Amino acid sequence: IIRRSSKKYKLEWIKAFCKDEGYLPSDRNYIRIKCMNLTGLKDLKEMVDSLKIYSNITGPNCDSSYYLNIRKIADLKNFTKKKNRK
């Protein structure tokens, strides 16, 4: 359902997913999502690509995980994540 929805709903879903699963490397201009599920990351990348937002998948890493890197652009400007108190 989300894949067939409008740009507005896709962006909101991507932002919500990134807030749960992603983080913002301080030395890079992208959002990074670490995941063990390569198929799920490919689905997410397809949705991000449909919005003409550059992204790429890297891995496998030493722990068999993969990263989806999403370049921060104007449409995702409101993406923020509060720092943990840890």
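The set of residues from the stretch 42-62 being over 11 Å from the mean Cα position of the chain (by Cα) and open to solvent by less than 40 Å² (accessible area, probe 1.4 Å) comprises just one member, Leu51.
Look at (1) farther than 17 Å from Asp20 by Cα; (2) touching a residue at least 12 places away in the same chain (Cβ under 8 Å); (3) among the β-branched types (Val, Ile, Thr); (4) outside any loop (DSSP other than H, G, I, E, B) and you find that Ile53 fails only one, number (4).
Rundown of residues vs (1) hydroxyl-bearing (Ser, Thr, Tyr); (2) touching a strand residue (DSSP E or B) at 6+ places or on another chain (Cβ under 9 Å), yes/no style:
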| residue | (1), (2) |
| --- | --- |
| Ser5 | yes, no |
| Tyr9 | yes, no |
| Phe17 | no, yes |
| Gly22 | no, yes |
| Asp27 | no, no |
| Arg32 | no, yes |
| Lys45 | no, yes |
| Ile53 | no, yes |
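Evaluate the following for Arg32: is it assigned to a loop (DSSP other than H, G, I, E, B), surrounded by fewer than 17 Cβ atoms within 10 Å (Cβ to Cβ) and of a type outside the set (Phe, Trp, Tyr)?
Details: assigned to a loop (DSSP other than H, G, I, E, B): no; surrounded by fewer than 17 Cβ atoms within 10 Å (Cβ to Cβ): yes; of a type outside the set (Phe, Trp, Tyr): yes.
So Arg32 fails the test.
Can we say Ser65 is open to solvent by less than 50 Å² (accessible area, probe 1.4 Å) and of a type in the set (S, T, N, Q)?
Values: open to solvent by less than 50 Å² (accessible area, probe 1.4 Å): yes; of a type in the set (S, T, N, Q): yes.
It is true that Ser65 is open to solvent by less than 50 Å² (accessible area, probe 1.4 Å) and of a type in the set (S, T, N, Q).
For Tyr30, indicate whether it is out of contact with any Asp or Glu (no Cβ under 8 Å at 6 or more places or on another chain), of a type outside the set (A, V, I, L, M, F, W, C) and within 16 Å of Asn69 (Cβ to Cβ).
On the way: out of contact with any Asp or Glu (no Cβ under 8 Å at 6 or more places or on another chain): yes; of a type outside the set (A, V, I, L, M, F, W, C): yes; within 16 Å of Asn69 (Cβ to Cβ): yes.
Against the criterion (out of contact with any Asp or Glu (no Cβ under 8 Å at 6 or more places or on another chain), of a type outside the set (A, V, I, L, M, F, W, C) and within 16 Å of Asn69 (Cβ to Cβ)), Tyr30 qualifies.
With respect to Leu11, determine if the residue is outside any loop (DSSP other than H, G, I, E, B), at pLDDT 90 or above and surrounded by 12 or more Cβ atoms within 10 Å (Cβ to Cβ).
Details: outside any loop (DSSP other than H, G, I, E, B): yes; at pLDDT 90 or above: no; surrounded by 12 or more Cβ atoms within 10 Å (Cβ to Cβ): yes.
Criteria not met by Leu11.
Just one of (1) of a type outside the set (A, V, I, L, M, F, W, C); (2) in a strand (DSSP E or B); (3) modelled with pLDDT of 95 or more fails for Asn69. It is (3).
The values are calculated or read from the model by the stated rules, or taken from the named source; none is laboratory data. What you see is a predicted model, and the numbers here were worked out from it, not measured in a lab. Every residue, glycine among them, receives a Cβ derived from its backbone with ideal geometry; neighbour counts consider all protein chains shown. Only protein heavy atoms, including side chains, enter the accessible area calculation; ligands, DNA and RNA are left aside. Shrake-Rupley method; radii C 1.70, N 1.55, O 1.52, S 1.80 Å.
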